[in-house]
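Colleague: Sharing a structure with you now.
The values are calculated or read from the model by the stated rules, or taken from the named source; none is laboratory data. Fair warning: this is a prediction, and the values are worked out from it, not measured in the lab. With ideal geometry, Cβ positions are generated from the backbone for all residues, glycine too; neighbour counts draw on all protein chains shown. Note: areas computed on protein heavy atoms with side chains; ligands, DNA, RNA excluded. Shrake-Rupley method; radii C 1.70, N 1.55, O 1.52, S 1.80 Å.
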Amino acid sequence: QVQLVESGGGSVQAGVSLRLSCAASGQAFSMYAMGWFRQAPGREREFVAAISWSGANIDYAHSVKGRFTISRDNAKNTVYLQMNSLKPEDTAVYYCAAKYSGGSSSVAMAYSYWGQGTQVTVSS
């Protein structure tokens, strides 16, 4: 089992950067593909980015491609989401999720473990 704790959210102006972190407990972190999802008020949870257990395979939502970067440090049991050139439409609660074995996925139902989320608010 994996427990996930996100951090790094905040309220910022459009155009700046934030880096989210997701710290995982457990000894098998390197066996999990990891994903970031977000949910804005009144909207469904949506895929942001995902990374395979080895980091070899990475996928992004079209809306964040070129601005966001997902990475992981298996030695630190942590996955990161570097968010550059933030826009007001990036405002949401951001969640990290873990998927045991297999490759990364953009489908929320594929992930078994979720963090509590961290709020990101971007003002214009």
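Colleague: Quick one: in segment 67-101, of everything that is at positive phi and open to solvent by 40 Å² or more (accessible area, probe 1.4 Å), which residue is modelled with the highest pLDDT?
Modeller: Result: 85.
Colleague: Looking only at segment 108-119, count every residue that is in a loop (DSSP other than H, G, I, E, B) and either open to solvent by less than 40 Å² (accessible area, probe 1.4 Å) or within 19 Å of residue 90 (Cα to Cα) (or both) and tell me the total.
Modeller: Residues flagged as in a loop (DSSP other than H, G, I, E, B) and either open to solvent by less than 40 Å² (accessible area, probe 1.4 Å) or within 19 Å of residue 90 (Cα to Cα) (or both) within segment 108-119 amount to 4.
Colleague: Could you list, in sequence order, all residues of segment 10-38 that are closer than 14 Å to residue 87 by Cα and touching a Gly at 6+ places or on another chain (Cβ under 8 Å)?
Modeller: Across segment 10-38, the qualifying residue is only 18.
Colleague: Go through (1) open to solvent by 20 Å² or more (accessible area, probe 1.4 Å); (2) touching a residue at least 60 places away in the same chain (Cβ under 8 Å); (3) of a type outside the set (A, V, I, L, M, F, W, C); (4) more than 21 Å from residue 119 (Cα to Cα) for residue 11 and report which single condition fails.
Modeller: The number of the failed condition is (4).
Colleague: Quick one: which of 30, 63, 21 is out of contact with any Ser or Thr (no Cβ under 7 Å at 6 or more places or on another chain), in contact (Cβ under 8 Å) with a residue 12 or more places away in the chain and open to solvent by less than 50 Å² (accessible area, probe 1.4 Å)?
Modeller: The conditions single out 30.
Colleague: Here is a follow-up. Pick from segment 39-54 the residues that are part of a loop (DSSP other than H, G, I, E, B) and within 17 Å of residue 87 (Cβ to Cβ): which of them is most open to solvent (accessible area, probe 1.4 Å)?
Modeller: Ranking the qualifying residues of segment 39-54, first place goes to 43.
Colleague: Looking at (1) surrounded by fewer than 14 Cβ atoms within 10 Å (Cβ to Cβ); (2) without any contact (Cβ under 8 Å) to a residue 24 or more places away in the chain, can you tell me which one residue 57 breaks?
Modeller: With respect to (1) surrounded by fewer than 14 Cβ atoms within 10 Å (Cβ to Cβ); (2) without any contact (Cβ under 8 Å) to a residue 24 or more places away in the chain, residue 57 is out only on (2).
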